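Everything below concerns the one structure shown next.
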Amino acid sequence: MPLSQLTVHRHSHSHREQALITLYGEIDLDSAPLVRECLGQCLRDGIRTIAVDLSPVTFCDCSGLNVFLCTAQRTAVAGGTLRLHHPPATLVRIVDLVGCGFLLLGPPSDRLPPPLGGTPPASALSSDTR
């Protein structure tokens, strides 16, 4: 079996209920178990807010997505959250196809840019024209 092309760094915050996991390399069938173990260890250590920085990840396939979805479910059952930050294009494409971005990336409104020129969004405009 080839060696994993993935490196994992865990940074726990001072109050020990939050952690930042930074992944470097490729997440695929061979390296997904390493990600699963790291995220599972966070839950076993009492971490309830897990942020995963994927900016150094060059590739992530559906086996990586499966790990993130399973861990997000386990984290939610434990009363916490798991959020992915800066996912690679391959993962964004898979997440969009599956329609599960709200589970891993937060609500869609979090990803929208602010309105241009300070104009309020159409939903905030009043239809009252008295």
For this session: Show the residue pairs that are 6+ apart or on different chains and have beta-carbon atoms under 8 Å apart, the first residue being within the stretch 29-41 and within 23 Å of E17 (Cα to Cα), the second being in a helix (DSSP H, G or I) and among the charged types (D, E, K, R).
Result: G40/R74
Exercise. So, of the residues in the stretch 16-33 that are under 21 Å from V77 (Cβ atoms) and not in a helix (DSSP H, G or I), which turns out to be modelled with the lowest pLDDT?
Worked result: R16
For this session: Look at G25 and say whether it is in contact (Cβ under 8 Å) with a residue 12 or more places away in the chain, open to solvent by 20 Å² or more (accessible area, probe 1.4 Å) and not hydroxyl-bearing (S, T, Y).
Result: no
For this session: Within the stretch 41-56, count every residue that is open to solvent by less than 10 Å² (accessible area, probe 1.4 Å) and either closer than 20 Å to G101 by Cβ or in contact with a Gly (Cβ under 6 Å, 6 or more places away or on another chain) (or both).
Result: 3
For this session: Sort through R48, R36 and tell me the only one that's basic (K, R) and at pLDDT 95 or above.
Result: R36
Seminar exercise, completed: The one condition L112 fails out of (1) surrounded by fewer than 17 Cβ atoms within 10 Å (Cβ to Cβ); (2) under 23 Å from R10 (Cα atoms); (3) at pLDDT below 90 is (2)
For this session: Please list, ordered by first then second residue, the pairs with beta carbon atoms under 9 Å, 6 or more apart or interchain, first in the stretch 3-14 and outside any strand (DSSP E or B), second open to solvent by 80 Å² or more (accessible area, probe 1.4 Å) and modelled with pLDDT of 90 or more.
Result: Q5/T58
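The values are calculated or read from the model by the stated rules, or taken from the named source; none is laboratory data. Please read these numbers as outputs of a predicted model, since none were measured by experiment. So basically every Cβ, Gly included, is an ideal-geometry build from the backbone, and we count neighbours across all protein chains shown. With ligands, DNA and RNA removed, areas are computed over all heavy atoms of the protein, side chains included. Shrake-Rupley method; radii C 1.70, N 1.55, O 1.52, S 1.80 Å.
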